[in-house]
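Taking it in order: structure first as structure tokens, then the write-up.
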Amino acid sequence: MAQLYFYDPVNSSNMKEIQDPFNHKFPLEIVSHIFTLCLPRVPPLLRHRQIQGEWAVPLFLGAICSKWRHIAWSTPRLWTTVIVYVSLRTAKQLGGSLPQLVTEWLGRSGVLPLTIQFSAARLGERQEGYDEVKSLAYLIIDILNRHSERWQNLDLDVNADTYTRKFHGSSELSNLRRLSFNGAVSGFDLPPFLTEIRPTHLTLSSFHCSFTGFNVSWENITHIILQYTDNITCVDVAEKAHRLQVLRLCAICSFPEEKNYVHCPSLRSLEFDEQNCPVAAPIAEIIDCMELPCLEEWSYVGKFWRIPLVSLLSLLERSSCHLKVVKISTLDPSCIDDFRTFLEAIPSLEHLSFSLGLSNGQSTLNNILDRLCNAPPSGTSATESASQLLPHLQTIDIGGNTVPFSWDRVPIIFRSSNRGSLSMKFTFLNIHIEGIEDVVAHQLLQLVDEGRNLCITRKDVKEAQLDFIQELRECAVRSGLYAGNSTCNAI
């Protein structure tokens, strides 16, 4: 594997470029590709505190030596993401040079599609630096507008009333696929180009206005994220986007008391995210208003999953959908029995992922694993399969603070007639070798040696993931209880 050498730009003048293997041993195309791998992954709706310094990777590469600078400057893919945050500090330190830097940056991107993330400090007209920030922001927006025909992803995190109407598109915005608004408030003036675009991905954050002026081509939108918004926006979006396939609802603050069913004929994935929600979102009320005949994936991210079982079962019956994926970040232990009943109602499930906050649901988790052991063999009739728990399960991912089940269930599941190809992953904070009997430990190691898809990781206090299987193996070898494949006997 090639090693990438990074030199200190301050001391690079004392080093000869001929010593750099990049300058002679690799074709330019390979070096350019390696440079692009250094770019950070850019998530939607960035905040400036998350991106300080990261957006300048191409500049850092160009500071190594003249050869690297030539390669970086002539690699357009390095310059296709433009992230600008205009603050009072930016205006004072870079006010004179930032417009020129953005211009050169865009020029180096050639004709490739662009990802634009623009944010500006939200200052009142009477606050210090308001005029400086506003003037600099307007200059940057004018520069971005000159390349609007290449906008592919546009993310605006600004004071809507001040900046949004300054963005304008060319007559053709055929490249625009992802559009994100953050900080929009009711009554603001929308950018005129919105009446001309056909994005497939739409993100609205803190968006509280009717859609009379938001005249995007709704029939083209397939992915929507709604964050920090209200019931009116949720209903409007669900009704307008007839081709909607993926819907993510983050911190929805309210929902109407009157039940009006929203039919989403194409929706495949529904995710609720309550991580940053100050109050519990009315998830039950939301799903009580939905009909989702094509729903395949259900996800919940938040503190504890406490959705009433009756609402979930009603959704499944009303929609006649066939769930294949269920992901729950943290399952409330008090709901573990309801969770088992929910699993029994979705025999079509193929991928299951969840974590458990506390381990007082061990008996129910053991029961669930025991039910998995008794899955029918291949060729069983549909009627018989329906009585078994998750007959089509392919992957199961369980996490938490402590182990919420007995480890002896795992080898039994893998030895079941139709579970040999099952993938099982476990991630726990408190997991100890002493808690696993020697016989069970030997069986777990043998499963891994046989090539079974079993992964057990332990998180340390810094959230780093450690290979617990390897720890188990080293302990077993030290104690003389395990010597690898050569001493493994059939269970």
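Details
- Hypothetical label at Thr341: residues of the range 290-314 whose amide nitrogen lies under 13 Å (7 Å Cα-Cβ projection): 307-314
- In the context of the full protein assembly, Tyr261 retains an accessible surface of approximately 110 Å², using a probe radius of 1.4 Å and ignoring ligands and nucleic acids.
- Taking a straight line from the alpha carbon of Lys459, these lysines sit under 16 Å away, with near neighbours fewer than eight places off in the same chain left out: Lys425.
- Heavy atoms of Glu297: accessible area, 1.4 Å probe, square angstrom to 10: 50
- Solvent-accessible area of Cys264, all protein chains in place: 0 Å² (probe radius 1.4 Å, heavy atoms, ligands and nucleic acids excluded).
- Cross-link pairs beyond the 24 Å C-alpha cut-off, checked among Lys92/Lys166; Lys240/Lys324; Lys240/Lys303: Lys240/Lys324; Lys240/Lys303
- Surface listing: Trp73, Trp68 arranged by accessible area from highest to lowest gives Trp73, Trp68, probe 1.4 Å.
The values are calculated or read from the model by the stated rules, or taken from the named source; none is laboratory data. Owing to the predicted nature of the structure, the values given are computational and were not obtained by experimental measurement. We place every Cβ from the backbone using ideal geometry, glycine too, and count neighbours over all the protein chains shown. Just the protein is used for accessible areas: all its heavy atoms, side chains included, with ligands, DNA and RNA removed. Shrake-Rupley method; radii C 1.70, N 1.55, O 1.52, S 1.80 Å.
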